[in-house]
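Worksheet: one structure, shown below.
The values are calculated or read from the model by the stated rules, or taken from the named source; none is laboratory data. In this text, all values refer to a predicted model and were calculated from it rather than measured experimentally. All Cβ positions, even for glycine, are placed from backbone atoms using ideal geometry, and neighbour counts span all protein chains on display.
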Amino acid sequence: MTDASVTDRVTQCHRRRGALLAAAICASLALGTAHARSADGYAARVAERLVADHQAVVETAGMLVDAVAGFCGGDGAREDAQAAYHATADAYMRVQWAAVGPAVPFDRGYRLNFWPDDSNAISRQLGRVASERPADLLDPDGIAAASVALQGLPALERLLFGQPAAAPGNYGCGLAEAITVNIVTIAEDLVEGWADPARQPGLSTDQAAVQTLLSASLTHLELIGDRKIARVVGPTAEDARPRRSEAWRSGRSLRNIAINLAALEAVWLDDGPDDLPALLQAADAASTAESLAAAMAKARGLAESLRDRTMEEASETAHAELLALSNDLYGVARILVHDVFPALGLTVGFNSVDGD
């Protein structure tokens with residue numbers, strides 16, 4: 001990407017972020033007002049929260065654009081770009097669970113964060129393009145049309161923390177710059193989508209929206225327990241495969257899990273007139289909300305205690321704690337499947353709790 005192209009794109013990102021923030025605030029206020037103090041407003045409250053949380057992705061990703069451009073232009077350090085990556089990944093982990101609604105069209109969710117990657121497609125494709133150096137991928141429009149494996153945070157992680165390594169003046173740096181702008185664009189689209197009910201497939205009615213959002217959160221909880229923990233740590237420390245974990249190159253696998261769980265706790269247990277405890281109380285199931293809160297607090301507390309370790313270190317020194325965390329998450333899932341969903345008249349599809 002040329003210096004002029006980078007400058008133009010960065011300027012466009014700043015302008016769009018400012019306008020989008022104002023629009024998002026207005027949309028959030030409208031959503032909150034329209035559904036105030038209504039049990040059926042739970043989905044609107046979650047959508048409002050997702051507008052704000054995706055806006056945080058936009059803001060941090062905008063700073064990531066600047067940091068990577070500075071590093072690649074020789075005016076900033078790799079550590080600055082890595083720190084900006086961590087800030088963006090922190091923001092994204094708060095919304096990773098919401099792989100529904102506007103995350104579905106145009107594969108926005110996968111383009112932002114292609115994981116799990118069981119076939120190692122990201123590394124294979126990055127290695128190929130680093131060798132062939134196609135010029136079209138150095139433009140954000142070109143990268144936006146490329147494979148999902150090349151577009152988002154996992155590809156950028158490899159360029160900033162692993163191989164092929166981005167360095168000032170090389171192809172990897174140009175690719176990293178294009179990826180950062182693409183991340184901002186996708187996040188902006190998600191803000192607009194969560195602010196506009198007409199752009200939320202599967203959330204057309206209050207009941208459908210509650211079903212879709214709670215199902216998505218349950219699915220993500222199971223993914224954390226099964227794919228982010230159990231599949232990685234194995235039954236014994238000798239069986240652990242820490243390089244199967246999410247974002248192991250940047251050392252943030254357990255940090256991701258802690259942020260994920262804090263976000264899910266907010267989705268399930270924020271104490272407002274339209275939040276889930278209020279719905280359960282209205283359904284004569286207040287004790288279910290208390291059980292869910294206690295189980296989730298236990299799991300999140302354990303995740304927070306592991307947060308600052310790498311998965312490799314934790315697999316060796318805290319294997320029992322990792323297994324306990326996976327088991328705690330299984331317990332939270334059982335409460336959702338056997339108590340929360342039935343109390344609200346919702347159905348549960350395939351899930352690992354019942355093994356069906």
Report summary line: Among Asp118, Asp189, the single one that is at pLDDT 95 or above and acidic (Asp, Glu) is Asp189
Report task. Considering only residues that are of a type in the set (Lys, Arg) and under 23 Å from Ala67 (Cα atoms), look in the stretch 122-168 and name the one that is surrounded by the fewest Cβ atoms within 10 Å (Cβ to Cβ). Result -> Arg133
Query raised in the report: Hey, any hits in the stretch 97-119 for a residue that's under 20 Å from Arg244 (Cα atoms) and free of Cβ contacts under 8 Å to residues at least 12 places away in the same chain?
Result: yes
Query raised in the report: Among the residues of the stretch 287-311, which ones are touching a Lys or Arg at 6+ places or on another chain (Cβ under 8 Å) and crowded, with 20+ Cβ neighbours inside 10 Å?
Result: none
Query - Options Ala247, Ala240: the member that is assigned by TED's automatic domain parsing to the domain that holds Ala278, within 16 Å of the chain's Cα centre (by Cα), surrounded by fewer than 24 Cβ atoms within 10 Å (Cβ to Cβ) and not acidic (Asp, Glu) - result: Ala247
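Considering only residues of the stretch 273-302 that are among the aliphatic types (A, V, I, L, M) and outside any helix (DSSP H, G or I), which is modelled with the lowest pLDDT? Can you show your working first?
First, the residues of the stretch 273-302 that are among the aliphatic types (A, V, I, L, M): 276, 278-280, 282-283, 285-286, 289, 292-297, 299, 302.
Then keep just the ones that are outside any helix (DSSP H, G or I); that gives 283, 285.
Details: Ala283: 92, Ala285: 95.
Once the filter is applied, the top-ranked residue is Ala283.
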Requested in this report: Name, by its number, the condition in (1) over 22 Å from Val181 (Cβ atoms); (2) free of Cβ contacts under 8 Å to residues at least 60 places away in the same chain that does not hold for Ala67.
Outcome: (1)
Query - Any hit, the stretch 265-273, residues being in contact with a helix residue (DSSP H, G or I) (Cβ under 8 Å, 6 or more places away or on another chain) and farther than 25 Å from Ala56 by Cα - result: no
Query raised in the report: Name the pairs whose Cβ atoms lie under 6 Å apart, with the first residue in the stretch 274-295 and touching a residue at least 60 places away in the same chain (Cβ under 8 Å), the second hydroxyl-bearing (Ser, Thr, Tyr) and buried (at least 19 other Cβ atoms within 10 Å of the Cβ), and 6 or more positions between them or separate chains?
Result: Asp274/Tyr42; Leu279/Tyr42; Leu280/Thr288
**Report entry** Meets criteria (on the phi < 0 side of the Ramachandran plot, in contact with an Asp or Glu (Cβ under 8 Å, 6 or more places away or on another chain) and not basic (Lys, Arg)) for Leu306
**Finding:** yes
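Does the stretch 89-105 hold any residues that are among the aliphatic types (A, V, I, L, M) and assigned to a helix (DSSP H, G or I), and which are they? Show your work before the answer.
Looking only at the stretch 89-105, we keep the residues that are among the aliphatic types (A, V, I, L, M), and these are 89, 91, 93, 95, 98-100, 103-104.
Passing the criteria: Ala89, Ala91, Met93, Ala103.
Determine whether the stretch 68-87 contains at least one residue that is outside the structural domain of Ala258 (by TED's automatic domain parsing), assigned to a helix (DSSP H, G or I) and closer than 25 Å to Ser204 by Cβ.
Narrowing the stretch 68-87 to residues outside the structural domain of Ala258 (by TED's automatic domain parsing): 68-87.
Imposing the further condition that a residue be assigned to a helix (DSSP H, G or I) reduces the set to 68-72, 78-87.
Next, only the ones that are closer than 25 Å to Ser204 by Cβ stay: none.
Scanning the stretch 68-87 turns up no residue that is outside the structural domain of Ala258 (by TED's automatic domain parsing), assigned to a helix (DSSP H, G or I) and closer than 25 Å to Ser204 by Cβ.
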Query raised in the report: Which of the residues belonging to the stretch 75-101 are touching a Gly at 6+ places or on another chain (Cβ under 8 Å) and either of a type in the set (D, E, K, R) or within 24 Å of Asp139 (Cα to Cα) (or both)?
Result: Gly76, Asp80, Ala81
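Out of Ala146, Ala198, I need the residue that is out of contact with any strand residue (DSSP E or B) (no Cβ under 6 Å at 6 or more places or on another chain), more than 26 Å from Ala44 (Cβ to Cβ) and without any contact (Cβ under 8 Å) to a residue 12 or more places away in the chain. Which one?
Ala146
Every residue, every condition in (1) in contact with a strand residue (DSSP E or B) (Cβ under 7 Å, 6 or more places away or on another chain); (2) surrounded by fewer than 21 Cβ atoms within 10 Å (Cβ to Cβ); (3) in a loop (DSSP other than H, G, I, E, B); (4) not aromatic (Phe, Trp, Tyr), yes or no:
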| site | (1), (2), (3), (4) |
| --- | --- |
| Val191 | no, no, no, yes |
| Ser204 | no, yes, yes, yes |
| Val210 | no, no, no, yes |
| Leu213 | no, no, no, yes |
| Ala216 | no, yes, no, yes |
| Thr219 | no, yes, no, yes |
| Lys228 | no, no, no, yes |
| Val232 | no, no, no, yes |
Requested in this report: Among the candidates Glu48, Glu59, single out the residue that is farther than 21 Å from Gly174 by Cα, acidic (Asp, Glu) and touching a residue at least 24 places away in the same chain (Cβ under 8 Å).
Outcome: Glu59
